[in-house]
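The values are calculated or read from the model by the stated rules, or taken from the named source; none is laboratory data. The structure displayed is predicted, hence computed values, not measured ones. Every residue, glycine as well, gets a Cβ built from its backbone with ideal geometry; the counts of neighbours run over all protein chains shown. Calculation scope for accessible area: heavy atoms of the full protein, side chains included, ligands and nucleic acids excluded. Shrake-Rupley method; radii C 1.70, N 1.55, O 1.52, S 1.80 Å.
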Amino acid sequence: MRVPVTMVDGVVESTLSSDQAHCVLWLRELDTGLFTLGMPVAQLPPAIEHFARLLAESAQGGQDIRSKLIGTDGVFRARWCNGHDDADGNFVLVLALESGGRLAFALSAAATAALKDSLCGTGHRAAPAPREDLQFTP
């Protein structure tokens, strides 16, 4: 079964539903104008992960992703960060974005060591270098 695809030109506005169980997006369609999409809040993390993967694939395919990211220089601006250990022993890095949103990343021990090495400038790499095919460099 083939489902028709609605091509979106932009996100106009967003809010939470009155019961705060759904996020509501007003999207601008290429041909017909505005339409509204509601999605359960619990589905936002998997959607964000899918979008991040698609953005990385777009960059690997030669697309200009700088113009597709927040800001003019191809980065998401974080205004603050914090971290803590989770129950599984992973370090959780929490970034507070300028928009007010927050993203949290559970880092493996190797990723935590590499981050610490980068931030502290110890001059040695505690973890193996990332594979080139997994790097995301806008």
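Can you tell me which residue within the range 14-35, out of those that are open to solvent by 80 Å² or more (accessible area, probe 1.4 Å) and of a type in the set (S, T, N, Q), is nearest to the chain's Cα centre (by Cα)? Steps first, please.
Of all residues in the range 14-35, those open to solvent by 80 Å² or more (accessible area, probe 1.4 Å) come to 16, 18-20, 26, 28, 30-32, 34.
When the remaining residues are screened for being of a type in the set (S, T, N, Q), the result is 18, 20, 32.
Numbers: 18: 25, 20: 21, 32: 28 Å.
Top of the filtered list is 20.
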* **Residues of the range 1-27 satisfying the condition of being farther than 13 Å from residue 37 by Cα and assigned to a strand (DSSP E or B)** => 9
* Asked: Mind checking whether some residue in the range 72-90 is exposed (fewer than 10 other Cβ atoms within 10 Å of the Cβ), acidic (Asp, Glu) and modelled with pLDDT under 75?
  -> yes
